[in-house]
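Read the figures in this text as sums done on the coordinates, not as results from a lab. This is a predicted model, so every value here is computed, not measured. Cβ sites come from the backbone with ideal geometry, for glycine too, and all protein chains shown count toward neighbours.
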Amino acid sequence: MLKRGDGGQGQPHPFSISSSTCPDGTVRVSLRGELDVASAPELVETLEELNGNDTWFVLDLRKLLFMDSTGLRAVIRVSKQVNADGRAMRVIRGPELVHRVFELTGADAMVEFVEPDRPA
């Protein structure tokens, strides 16, 4: 069973999004904490804003501690939209607990995973 990480404190980790622009113009969007029903709308809004700017971007999941099916749907939704618009969104794999959600649902075949240091 997949379980939320609470760092031994009994509290969920808050969700946050940060972004930075790489020298080649690609935007790296880094997620931290828990991507779930409460935080997925924030991710969708952020990525849709980026998609509207002709931007290619990388979604970095390395600091994500938990992701539920709502978070997964948000990632897939934006990935499909970006691809349909002729842009690209690549994903840096998260911790095993997060990546397992992709594997269990077959969604790992629906997004392009890249290594952290590979150019987008």
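Once the piece of chain linking A109 and A84 is laid out straight, how much longer is it, given 0.36 nm per residue of separation minus the C-alpha distance between them?
That works out to 7.3 nm of additional length.
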Extension length gain for T26 and E49 (0.36 nm per residue less Cα distance), in nm, is 6.9 nm
Projecting each Cα onto the charge dipole of region 76-120 (Lys/Arg +1, Asp/Glu -1 at the beta carbon, about the Cα centre), which of G106, Q81, V91 comes out farthest on the positive side? Q81
At q = 0.23, 0.28 1/Å the base-10 log of I(q)/I(0) from the Debye formula over the alpha-carbon atoms of region 60-120 is -0.98, -1.33
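With viscosity set to 0.692 mPa s and temperature to 37 °C, compute the Stokes-Einstein D of region 17-114, Rh being the Kirkwood radius across alpha carbon pairs; µm²/s, no decimals.
Working: Rh = 13.2 Å.
After rounding, the answer is 249 µm²/s.
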